[in-house]
Structure formats: structure tokens, C-alpha cells
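The values are calculated or read from the model by the stated rules, or taken from the named source; none is laboratory data. Source: prediction; values computed, not measured. Here Cβ is always computed from backbone atoms with ideal geometry, including for glycine, and neighbour counts include all displayed protein chains.
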4 protein chains.
Amino acid sequence: MTLKIGVIGTGAIGREHIRRITNNLSGATIVAVTDVNAEAAKAAVDNYKLNAQVFPDDKTLIESGGVDAILVTSWGPAHQQSVMAGIEAGKYVFCEKPLATTAQGCMEIVQAEVRHGKKLVQVGFMRRYDQGYQQLKHAIDSKFIGEPLMIRCAHRNPEVDDKYTTDMAITDTLVHEIDVLHWLVNDDYKSVQVAYPKKTRHASSHLRDPQVVTLETQGGILINAEIFVNCKYGYDIQCEVIGEEGVVKLPEVPSITFRKEAQLGTHILMDWKQRFLDAYDRELQDFIDSIRLSGEPQGPTSWDGYIAAVTADVCVRAQESGRQESVELGEKPTLYK
Amino acid sequence: MTLKIGVIGTGAIGREHIRRITNNLSGATIVAVTDVNAEAAKAAVDNYKLNAQVFPDDKTLIESGGVDAILVTSWGPAHQQSVMAGIEAGKYVFCEKPLATTAQGCMEIVQAEVRHGKKLVQVGFMRRYDQGYQQLKHAIDSKFIGEPLMIRCAHRNPEVDDKYTTDMAITDTLVHEIDVLHWLVNDDYKSVQVAYPKKTRHASSHLRDPQVVTLETQGGILINAEIFVNCKYGYDIQCEVIGEEGVVKLPEVPSITFRKEAQLGTHILMDWKQRFLDAYDRELQDFIDSIRLSGEPQGPTSWDGYIAAVTADVCVRAQESGRQESVELGEKPTLYK
Amino acid sequence: MTLKIGVIGTGAIGREHIRRITNNLSGATIVAVTDVNAEAAKAAVDNYKLNAQVFPDDKTLIESGGVDAILVTSWGPAHQQSVMAGIEAGKYVFCEKPLATTAQGCMEIVQAEVRHGKKLVQVGFMRRYDQGYQQLKHAIDSKFIGEPLMIRCAHRNPEVDDKYTTDMAITDTLVHEIDVLHWLVNDDYKSVQVAYPKKTRHASSHLRDPQVVTLETQGGILINAEIFVNCKYGYDIQCEVIGEEGVVKLPEVPSITFRKEAQLGTHILMDWKQRFLDAYDRELQDFIDSIRLSGEPQGPTSWDGYIAAVTADVCVRAQESGRQESVELGEKPTLYK
Amino acid sequence: MTLKIGVIGTGAIGREHIRRITNNLSGATIVAVTDVNAEAAKAAVDNYKLNAQVFPDDKTLIESGGVDAILVTSWGPAHQQSVMAGIEAGKYVFCEKPLATTAQGCMEIVQAEVRHGKKLVQVGFMRRYDQGYQQLKHAIDSKFIGEPLMIRCAHRNPEVDDKYTTDMAITDTLVHEIDVLHWLVNDDYKSVQVAYPKKTRHASSHLRDPQVVTLETQGGILINAEIFVNCKYGYDIQCEVIGEEGVVKLPEVPSITFRKEAQLGTHILMDWKQRFLDAYDRELQDFIDSIRLSGEPQGPTSWDGYIAAVTADVCVRAQESGRQESVELGEKPTLYK
């Protein structure tokens, strides 16, 4: 069985996933596309030589009998509506972050899925599919370093444009750490505090950059997360877990070692799009494979999307208050246990 | 268009490629299989739920109208016959190493392909698809280190069984370096010499291990290649190119860094099968894609298979003589320039 | 001119310095020793074959005409009295940490030195003499990474005994970071906060371990300092400075790289005494050389000792309060500017 | 007892050792100097404020009653005469390389020392005192990697001047590897072969650069030694020992790690004089200490100087012949066993 996919939103990331499914992955085919800009949808079909129908909107695409699963890659504020419609139609849903723009919206999706009685939704938190993070998780789960006590991580970009605002350091940037770290240590967040180091002269006047977010988990693990989006030197994702008997750390991105001009070095990526290429492939392949094999996606769930939304809200509140703020989740439905 | 592939030989590597094409890659489907053991062929079809016909032998499979390309993954001595038949039938051929067991056999394939007038054959030298080697090649081609002058490389296995003989250090092991290194520096081999360091006590009584092969290219590049197949500690592929203005070196296999029990370290693979997983995927995807896009495979050619066979023969001669031996290639047909 | 040194306190560190001056360094000689245990003082003279007089107490030693400089290596509570007596006698003083056990005591020393009108005292903060820290400082001072914005550091020991209490994480352990970090960035501390991650099961029941101290400087640099004294795996000092244009990090302790048993690694020290051996040599040689060349020690001053004492007090207060606490220094005398 | 040293030759290296003994080391004092240029000798005394007598020549200096040990730092062709005179006078001798300019000259020194009946001479092969090489030796001696089978090393300089000739790659450059490698593996050389890779365009017209020297030991260890004196990028000493159960490798020179401008790197030294600073200090301190403690220097002996001279001669012969050449040593006197 080939999984028949309809794509909602043919912007940059939508086209990337179309290319991926069509040229790199196995077991799925794009049969339908739609976009608020109908020309863009048609152009995508032409560019990738798809044998796919162009629909006028998400609703008609979802209701089309030929679609098994939808890919929600529209702009954020439109996600919730498509995901809800997908669930109601009993279709599988792969939704890029955010699942919804509010915690409330995420909760509504969770409730709809619970009512449906089966997991249909996977959220596009691709880092869980990165081999480095998977090795970290394996080390933690196997007690290679004993119980984890602290995590130090950093999320650095060379630069951002003027439209990037202080809260986007949470909602666009830290949100990936928010998802991957609680998964890594099988724990929930308890509190958040934000501190502002000396500001870099490379940030725009309205932006606090860098920022340091301290998260504490229910189990007492202390996470120190640096966000630095004008670091100039590269796109650099660091993560180190300190445990009772040792420390494990994400590998650097593999790159040839050079000796040249009095330096021994390797290259650092400048473009974030290069960093998780394999993880993007693997998350979508896993979405396809797990549906084909077990009838249920096995990646990040709606509940994970809800956790990310709640925690991001608290982080933004902590950015403003300067105080330690509590993270309060609703009760976790049985479906996600 | 989906490339329809027939597989000749459903042993371990044949099944690996079937799994890869079916579950990981895009644009091809297995439509036919055969094996000297018909039960094995049928089992492969069942295991991977293929919609594929089982043929009694390579000849009937190749002549079948539904097959666009064949995958030759039978045992080495059978390769030449299948490849020749494939060329004669105008089918694309992906052939695992060796292309043929003799240089003469490889030359016959080259000549058949030249007569056919178009490249049909790709040889399974997957290292060219490894991202580390590709970065090395990019550094060399872009003159990042000036002209390359020397290469130091090592091919180490934890251990081999008793059936592994001294000449297999060339034909099974070094053959990968033989292919990838001349490609890396765009040069041909001129001479070969073999030296035997002190023997490890972990080698069987009949095996010279380690061995050091010195290859010189036409352009004067000196290559020092260590083969050490009972090194105990891991499967380890090293390659360092020393140029006029700098040195570049293959990255280590990425792995989390740990601090534990007075050591700061990373893990080394023990199993060679893990080392080039990505490269295997990429070589087959490239075989499929280049045929679909340009009607011609763009990977290692029959001529490269011939170079490997000739050079391996000279290396084995050098193993026995202890002297510097010359590498003499036939004239390179225009098709491969 | 050879600097004639009297040693006050012949315990472990006193004897280490005697050995160092006698066997490793140039330009000084031990001419006098004293200890509360007179037998220990005599034994030190015998062991190191010193041509040195044994004095009954610090006062008589200091007043002895033959002594140019004193080494204060007695137990902490006795330091202040010896240092004050040394200053009053116009003798040079090398004092191991702490300069005095209270900030008030340090201030009295500062005032005595100011009255004397010339710097006489060097405090034993040896990290400033470590080549790694010196390279970091050079990178910062030369603006190699632009303005420093954040520092991440860790001070880890394999284990401590039961007598080690929670406040000693500051006064015995973090005190080295307290000194070296403000020197590194040419800045003063403004506030301190302490957080307690999940406790390791390897710590004694009364000890909070690990701890994370957040220090902010007057200039806004945010310092995240981990103290983890039962980390099991090694003695490990980490320091990373994140600046506007890049990051610099202390080198690991140099050690041969090994490939063995599926690991690629280096060794981590287990014994803190090995870590700063060179720095100890260099701090004392610099004490000797700077006095001989310029008549004034050029290392960490009494004022640095005072800063360390004040900051450590605030850290201990922050350990207890859980709140952010302010660091308030007295006015810096001209002598130290 | 302070060792009273007379220095023969106050050129660059002589003055470096004077500075070292006077300012860094313990237990020795310079009491006498001489140089073919008497003004240079006087200038050295003034510059370092030595309390030392200037002698008209090596002979009178050696015969002076106040001298315990001589430092031979004159130009190479003058070494043998001073060393022989030192031995005849029963003085300790620290002689910079070469011990003598010919193997015959070295043998005469060996014979003189044997007649004297006690070791007096230490040759300035400082690498044995480098902590990296000492860690390698410890790993080998403790069988950490089993029996050593191969060594790969490289000796690279950024550039040399036009006076540097092809044979100097052996006599000035490789000679350090010649000494340190046989010491490392406790073995003697058996044969030598030299190969010339493609020449770098940065070498002067008369110079073969790089060169690769293959040495085989009596025990069968195969050594691949690269000499590359116009490598442009840095002064870089590499040494890797491959054993039956693992590999050990010299650490890189410690240097802060930086992340800047899309690179993750460390600095490589450009100036050879920085590379073995500690080793120079340690070799001379050991010369002083071992004489003071045991009445005999314990560093590289006259016999080691003889081995280096013989082996260098064979290497130069192999440079010219292109063939494998045998290393034939005289019988080792009991004094050196």
C-alpha cells in the first residue's frame, strides 16, 4: 500500500516536503495539493511533475476520498482548522509546528483526537529523529550516565532579520528545545525563568539577544538553555546532559578536518536548513512507515504539541516578568500514556 | 516513471538492496528476482512483500520486457555473465564489486559497453557517495589545500575469520581504497609496492596482517595505505590528504561524546555494515535518479571496475614479489572521458 | 640577588612549595621555616636538605633580618595574622587562599598595605597562570570574539569526603572561578543566585550537589557556573566564553589519543593536584621574578583576595536565601587600579 | 650542591640555555663561558647578569677547576673536540645535536667515555622529555596497545630558507624522529628507504620536499616518516603508534578552541621554537638533577648520538640510491646496556 498524501500549503516548507516524499522517500505519493494561492499550488504540481489534483481549499482536499493523510504546511494561524478537519474526517495528519497558535487550540485538537479514539496526528518536531539526539536518548535511557541532573544547551543562529522579535526567541527558536528536551529525559517541565545577558551589538534595537532560559523539570533536572540568534559565526545546536556518573554531548556536525593557515579546524554550518536534513527525511519516512505498519503515527503527538504551546506561553510570560513562572499542564489523556 | 528493477542474487547484499529500494528509496520498484537457489528468491519476494516475478535464471530475467535495470548481487564469479547479458539486452546494470573476477573480464565488459555506445553500467563502489569522501573531493577539486602530494589512509577491521587470505587484503579490502583514491585525486596509478610490518598475534597463521601498500600515481602523488584486518578495536576507515597548502582528513563517524570513568571519548563502530549505510542509500538513489533524469548512470563506470581489477592484480603481484610493480592500463575509450 | 624566603606552615601545600622553590624554580631559596608543630618544620628542613633556620613562630620568622619574603601556607584562620605582620615588617608575602577568613579581615590587610604604600602581597590564585586561561584572556582582551556576553563554566571533582559541606562548594571550590572570571573579563560582580538541580545519589546526605551559581557582572555578562563535586568521572575544569562574534573555550588537558575497545578517547585526570601543576610553578616563579625585577609582586593582589571573600560571602547567602543577592564592594584604593 | 656549568658557544641556542638555567631552572649556575667570538661571550655574561668568567677557548674553560659540567652549544663541527676534552677532564657534558658530525666521531666519543668508565655525556634530544612522547612511551611499555607494529609520523615546518638542502631533511629534521622513535619502542633500526612524492611548488628548485622515509626495526616495526618542510600551514609534529590492540597518538599542542566565522578550530604553532619549550626545560633540569642525585646523567647517551649519526648516514645514502639500505651498528658497549 502506498500512502496517498494531500499537501495543504505549498510555501517553502511544503515544497520541501513534496520534493522529499517524491524524490527521497519510499511508500507515499502526493495525490492532492492546495494553497491559498492557487497558482502556487499548480506551480508545485508542475515543478515536481506530480500526478496530483489541485484543490480549492483544505476542506475539499481533506474530504476527497483519495487522500489517506494530510501534510499541514500552511502558515501557523491556519494549522488548527486543517488539523481539526483532518481528525474529523479520520485522516492522518502531519502538522508542521505550531500545532496551533494557542495552548487552547492545541487542547481542542487533543480533545478531538481523544474523541476519535486513535492517534492520527504527528507534529513536525524533527529533532527527535536526529541521530545525535537519538544517541543521547539511548545513553540516558540505558543509564549510561546514571540519572540525568542537568542539561546545558544552546541554539545559535548567525543572524535574524528585523522582523524577529524577542518573543520569537521562544516561539520560533526555543520551541525545538522545549519539545526535544522533555522527550530526552522523560519528564515534564515545572518552572521557567528567563535572564538577559549583555546584549550583542549585532541585534536590532528592539531585540533582546542573547537570552538564557532556565527550565526545571518535575523530577528536578535543571536545564540551562541559551538562545543567541545573532551569534555571527554559525548555526550551532549544542546539547550536553550531565548525569550522576558521566556526561554525554551531541556530536558536532561531521565535516572534514583541515590544517591550514595556522589552524586545525572543521567547518560550522551557516544555514540552519542544512542542519537537520536527515532528521526531516527520517521523520516523514517514519510517519509513512508507522501508518503503513501499525495504522498509527509514532512520532511527536498532539499532546507534545500541547506541551510545547503551554511551555512556550510560560516562557514568554517569564521573559516579561523576570520571575520564575510555573508550568501547569492539563491532565494527560490515556491515549498519550 | 518508476524504474523497474530485476535482482540477480538474493543473498545478504541482494536482500539489503531489495529492502533499501523498497523501504528507503524513491523512484524504483523491484519487479523481478532470481537466485541460483530458487527458494531463496521466493523467500525474498515474500519477506519484502514484493510484487515481483521469480525467474529461473539471470538470462530469462534480463530478457523479460518488464525489467529496465538489473542489480547484480550474485557471487563474484557469476557477475561477468550477467553484466554482459544485461548490456547486450540494453538494460541498465548496477553491479556489486567485483565487476568481473579478472581484468580481462572487466575489459570485455568495457568493450561490450563501448560497442553498445552508451554507459549502462554502474559498479557498487559506494564510498564515492560517502559525505566525508565527497567533502574531501570538494576540498581537493577547489584547491583548498593546493595540489595534493600525499595520501595516508587506513582500512581496519576488528577481525576476520580463518578463510580470509593474504590476497583478500587486496581484493576484498583495499579494493575500496583503490577505487576511491584515484577518483579523489583525478589521477591514475603508476606503481605499487607492498610491505609487511611485524605481524599481529591476532592473525591466523597463514595471514600476513597488517600490510602496508604504497601506491604512486602518474602525477607523483604518494599513497600510503595500511590494511589491518585484525586490529581488534573497531572498524575504522582513515583518509588524510596532504597538499601544498594544507591537509584535509575524513571526519570520524559522528557519535555522542562522553565523559565517564576518567575518559573523554566517542564510540567507534565495530561492524563495517554500519559505516557506509548512508552511502549505500545514496549510490542506489543516484543510480535510479541519474537514469530517470539523463538516461545514463553517473556513478563509477565499467572503466573504474577495470582499473580496480588491474590495480588489484598488480597489488597481489607486489605482495608476492616484494618489489615495486608497474600498473599498466589499456587505453581509455572515449566513452569514459 | 636570590630572594630569601621564609615558610610559615609546613603542611602538605607548604612542603609542595618548598619542593617547588628548591628543585624546580630559579632565583629563590628557603632560609627559614616555622610551623605550629615544630617537629614538622624540622622534618621539612631535613627532607628537602634545606639550609634553613627553624623559627618558633611566624612573628620571629618575619622579624628575622635574613628573610625577604614570606610564604603563608598555614591553615586558613592563621593567615591574616601572618600577612599583617609581614606587611608591617615590610616583607613580601605570598599567601595561599584564603587571604583571610572574612571579608573584614581581607579589608584590614588591604588597608595595611595601602598604609604601607606599596604592593607587597600576592594571593595564591594560580589559575591566572594556567596557559589555557591566559589564552582565553588574550582572546578576550584582543577582541577576538568581540565583547564577552556570557560564560559557562564547570568545576567538577570525582568525589569529596563527608566533611565537605554545602558552603564549601563556594569557599573551597567556586572561589577559584570567582577569582579567575572577573580577571578574565576585567569586570566586577553585581549579583549572585544559586540553584540546586536534582541531587546526585553519590553525595552525602547533608550535601547539596551539584549546585549552579549564576553571577552577573556590572557590565552585564552572565556567568553560569556549575559545581559538581561527586561527578565520579574525573577532575574537570570547563570554561567557555561566548562573545559577540564567537566563542572560546579552555583546552582539554593534553593527553595521548587512543583507539581501543570500540572507543576513541583521551584520558581525564582524576586527581586535582595534577591539573594546575604548571600554573603553580609559574605563579611562584612570577612572584620571585617580579619582585627581583620591579620590587613588586604582579600577581593577584590583596584587593583580589578581598573581592573573593566578599563574593563568596554573598554566594553563601544566596545558597541559603534562594534569591538573587547583590555584591557590594568597598571603594577600590588607588594602589590597585 | 649547585652544579657549576661552563658554556661553550654563546650563539642563539647557547644563550637560550643560559637564560633557562639562570631564570627557570633550579640547582645550577653558569660560572664560565667561551665563544669563538669573545665579544659575544662577554655580551652574554652582561645580558644575563652572570657571575661568570669568560675563557679564551673551550680547552681552558674545561680545565678550569671551577667547572663541573660543560654545555656544548657551539656550531656542529666543533662539538667533537669539546666533548672529547670534557670527557678527558672528567667533566659532565651536555652536548647539543649533533654529538659529532660523523658516525666515526661519535664512536670515538663513545670509546672515550667507555675508557673513562662512567657515563658523562647527555645529548640534546629533547623530545624524550616532551610529555606527549612520554605518555606514548608509557602506553607502549605498559602494553596498553599490545605490541607496537607500525608508526606513522610527520615532521612539518611552514617553510625553510634557500640554504636548506635535501640531505638536511635527514640531518637537521628527521634526526629528532630517528632518536625518539627507537627509544619509544626499545628497538634498533634495520633498514631505511626514501621515497619522493610529488614536489610542492613552495620548495626551492634544489630541494626535494616532501620526502617519505620508511624505517624498519630489528623487531619488524614499520615506520612511515614524512618530512615536509614547506607545508605552509604550521609547525606540526605528528606521531601515531599502531599496536596489536589499539592505536595511540601524540596530543595536539593544547590551545583554546574557538568558534568563529563558520569554523570550529584551534591554533597551530607557526614557530618551531614554541613547540618543545617545556621539553627543553625538562631535559636540562633532568641533566642537572640526575648528576646531583646519582652522579650520572640519565638522558640520551653518547651511544644514542652514535645511533643517530649512523642512521642519518644510511638515510642520506637511501635518499641518493632510492633503494632499501641496511643500518649496521657497532657492538653496544656494556656501559650503555
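Across region B:1-25, which residue is surrounded by the fewest Cβ atoms within 10 Å (Cβ to Cβ) among those that are in contact (Cβ under 8 Å) with a residue 60 or more places away in the chain and over 22 Å from the mean Cα position of the chain (by Cα)?
Narrowing region B:1-25 to residues in contact (Cβ under 8 Å) with a residue 60 or more places away in the chain: B:1, B:3-11, B:13-14, B:16-17, B:20-21, B:24-25.
Narrowing further to those that are over 22 Å from the mean Cα position of the chain (by Cα): B:1, B:3-4.
Numbers: B:Met1: 9, B:Leu3: 19, B:Lys4: 17.
Going through the qualifying residues, I end up with B:Met1.
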Take region B:78-107 and flag every residue that is buried (at least 18 other Cβ atoms within 10 Å of the Cβ), of a type in the set (Ser, Thr, Tyr) and under 21 Å from B:Ala12 (Cβ atoms). B:Ser82
Any chance B:Gly246 is surrounded by fewer than 18 Cβ atoms within 10 Å (Cβ to Cβ) and at the interface with chain D (Cβ under 8 Å from one of its Cβ atoms): no
Within region A:144-172, which residues are surrounded by 20 or more Cβ atoms within 10 Å (Cβ to Cβ) and of a type in the set (Gly, Ala, Ser)? A:Ala154, A:Ala169
Scan region D:153-194 for residues that are over 19 Å from the mean Cα position of the chain (by Cα) and among the basic types (Lys, Arg) and jot them down. D:Lys163, D:Lys190
With the condition being hydroxyl-bearing (Ser, Thr, Tyr) and closer than 17 Å to B:Asp187 by Cα, I'd like the helices (runs of 4 or more DSSP H) fully within region B:253-337 carrying at least 2 qualifying residues. B:302-321
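Answer yes if at least one residue in region A:98-105 is of a type outside the set (Asp, Glu) and without any contact (Cβ under 8 Å) to a residue 12 or more places away in the chain, and no otherwise. Explain how you work it out, then say what you get.
Quick first cut of region A:98-105, residues of a type outside the set (Asp, Glu) only: A:98-105.
Within this subset, residues satisfying the condition of being without any contact (Cβ under 8 Å) to a residue 12 or more places away in the chain are A:104.
Yes, some residue in region A:98-105 is of a type outside the set (Asp, Glu) and without any contact (Cβ under 8 Å) to a residue 12 or more places away in the chain.
Can you tell me which of A:Asp46, A:Asp57, A:Asp35 is surrounded by 22 or more Cβ atoms within 10 Å (Cβ to Cβ) and charged (D, E, K, R)? Let's see the steps before the verdict.
On the way: A:Asp46 fails: surrounded by 22 or more Cβ atoms within 10 Å (Cβ to Cβ); A:Asp57 fails: surrounded by 22 or more Cβ atoms within 10 Å (Cβ to Cβ).
Every option except A:Asp35 fails the conditions.
So, of the residues in region A:65-77 that are surrounded by fewer than 16 Cβ atoms within 10 Å (Cβ to Cβ) and either in contact with a helix residue (DSSP H, G or I) (Cβ under 6 Å, 6 or more places away or on another chain) or among the small types (Gly, Ala, Ser) (or both), which turns out to be modelled with the lowest pLDDT?
Step one: of region A:65-77, the residues surrounded by fewer than 16 Cβ atoms within 10 Å (Cβ to Cβ) are A:65-66, A:75-77.
Narrowing the set further to residues that are either in contact with a helix residue (DSSP H, G or I) (Cβ under 6 Å, 6 or more places away or on another chain) or among the small types (Gly, Ala, Ser) (or both) leaves A:65-66, A:76.
On the way: A:Gly65: 90, A:Gly66: 93, A:Gly76: 94.
Here the answer is A:Gly65.
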If only one of C:Thr34, C:Thr29 is among the polar types (S, T, N, Q) and either within 14 Å of chain D (Cβ to nearest Cβ) or within 28 Å of D:Arg20 (Cα to Cα) (or both), which one is it? C:Thr29
Given (1) without any contact (Cβ under 8 Å) to a residue 40 or more places away in the chain; (2) at positive phi, identify the lone condition not met by D:Gly65. (2)
Give the residues of region D:177-235 that are away from every other protein chain (no Cβ under 11 Å), crowded, with 21+ Cβ neighbours inside 10 Å, within 30 Å of B:Gly146 (Cα to Cα) and out of contact with any Ser or Thr (no Cβ under 9 Å at 6 or more places or on another chain), sorted by residue number. D:Glu177, D:Val213
Failed condition for A:Ile223, given (1) touching a helix residue (DSSP H, G or I) at 6+ places or on another chain (Cβ under 7 Å); (2) in a loop (DSSP other than H, G, I, E, B): (2)
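Table: residues versus (1) of a type in the set (A, V, I, L, M); (2) over 14 Å from B:Val247 (Cα atoms).
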residue: B:Asp141; (1), (2): no, no
residue: B:Asp172; (1), (2): no, yes
residue: B:Val175; (1), (2): yes, yes
residue: B:Ser191; (1), (2): no, yes
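Every residue in region C:19-50 that is over 25 Å from C:Pro297 (Cα atoms) and not in a helix (DSSP H, G or I), please. Can you show your working first?
Looking only at region C:19-50, we keep the residues that are over 25 Å from C:Pro297 (Cα atoms), and these are C:36-49.
Scanning region C:19-50 gives C:Val36, C:Asn37, C:Tyr48, C:Lys49.
Scanning for something outside the structural domain of A:Leu184 (by TED's automatic domain parsing) and closer than 19 Å to A:Glu177 by Cα, does region A:282-290 turn up at least one residue? Explain how you work it out, then say what you get.
First, pick out the residues of region A:282-290 that are outside the structural domain of A:Leu184 (by TED's automatic domain parsing): A:282-290.
Cutting the leftovers down to closer than 19 Å to A:Glu177 by Cα gives us A:282-283.
Checking region A:282-290: at least one residue is outside the structural domain of A:Leu184 (by TED's automatic domain parsing) and closer than 19 Å to A:Glu177 by Cα.
Would you confirm, using the coordinates I've provided, whether C:Gly117 is surrounded by fewer than 19 Cβ atoms within 10 Å (Cβ to Cβ) and touching a residue at least 24 places away in the same chain (Cβ under 8 Å)?
Values: surrounded by fewer than 19 Cβ atoms within 10 Å (Cβ to Cβ): yes; touching a residue at least 24 places away in the same chain (Cβ under 8 Å): yes.
Here the answer is yes, as C:Gly117 does meet what is asked.
Would you call B:Val7 more than 14 Å from every other protein chain (Cβ to nearest Cβ) and out of contact with any helix residue (DSSP H, G or I) (no Cβ under 8 Å at 6 or more places or on another chain)?
Values: more than 14 Å from every other protein chain (Cβ to nearest Cβ): yes; out of contact with any helix residue (DSSP H, G or I) (no Cβ under 8 Å at 6 or more places or on another chain): no.
Taking the combined requirement at face value, the residue does not satisfy it.
Just give me the residues in region B:278-287 being surrounded by fewer than 23 Cβ atoms within 10 Å (Cβ to Cβ) and of a type outside the set (Asp, Glu), in sequence order. I'd like the intermediate steps shown before the answer.
Looking only at region B:278-287, we keep the residues that are surrounded by fewer than 23 Cβ atoms within 10 Å (Cβ to Cβ), and these are B:278-282, B:285-286.
Those that are surrounded by fewer than 23 Cβ atoms within 10 Å (Cβ to Cβ) and of a type outside the set (Asp, Glu): B:Ala279, B:Tyr280, B:Arg282, B:Gln285.
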Among the residues that make up region D:152-161, is at least one of them within 14 Å of chain C (Cβ to nearest Cβ), closer than 30 Å to C:His267 by Cβ and touching a strand residue (DSSP E or B) at 6+ places or on another chain (Cβ under 9 Å)? yes
Check A:Arg275, A:Arg259 and return the single one that is over 23 Å from A:Thr173 (Cβ atoms) and of a type in the set (Lys, Arg). A:Arg259
Selection over region B:249-275 where residues are among the β-branched types (Val, Ile, Thr) and either more than 7 Å from every other protein chain (Cβ to nearest Cβ) or more than 19 Å from A:Gln134 (Cα to Cα) (or both) yields a count of 1
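Rundown of residues vs (1) among the aromatic types (Phe, Trp, Tyr); (2) free of Cβ contacts under 8 Å to residues at least 60 places away in the same chain; (3) in contact with a helix residue (DSSP H, G or I) (Cβ under 8 Å, 6 or more places away or on another chain); (4) on the phi > 0 side of the Ramachandran plot, yes/no style:
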| residue | (1), (2), (3), (4) |
| --- | --- |
| D:Ile242 | no, no, no, no |
| D:Ser255 | no, yes, yes, no |
| D:Gly265 | no, yes, no, no |
| D:Leu269 | no, yes, yes, no |
| D:Trp272 | yes, no, no, no |
| D:Tyr280 | yes, no, yes, no |
For D:Gln298: the one exception among (1) buried (at least 18 other Cβ atoms within 10 Å of the Cβ); (2) touching a helix residue (DSSP H, G or I) at 6+ places or on another chain (Cβ under 7 Å); (3) more than 30 Å from B:Pro158 (Cβ to Cβ): (1)
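Yes or no: D:Arg128 more than 14 Å from chain B (Cβ to nearest Cβ) and in contact with a helix residue (DSSP H, G or I) (Cβ under 8 Å, 6 or more places away or on another chain)? Working first, answer last.
Values: more than 14 Å from chain B (Cβ to nearest Cβ): yes; in contact with a helix residue (DSSP H, G or I) (Cβ under 8 Å, 6 or more places away or on another chain): yes.
Answer is yes for this residue.
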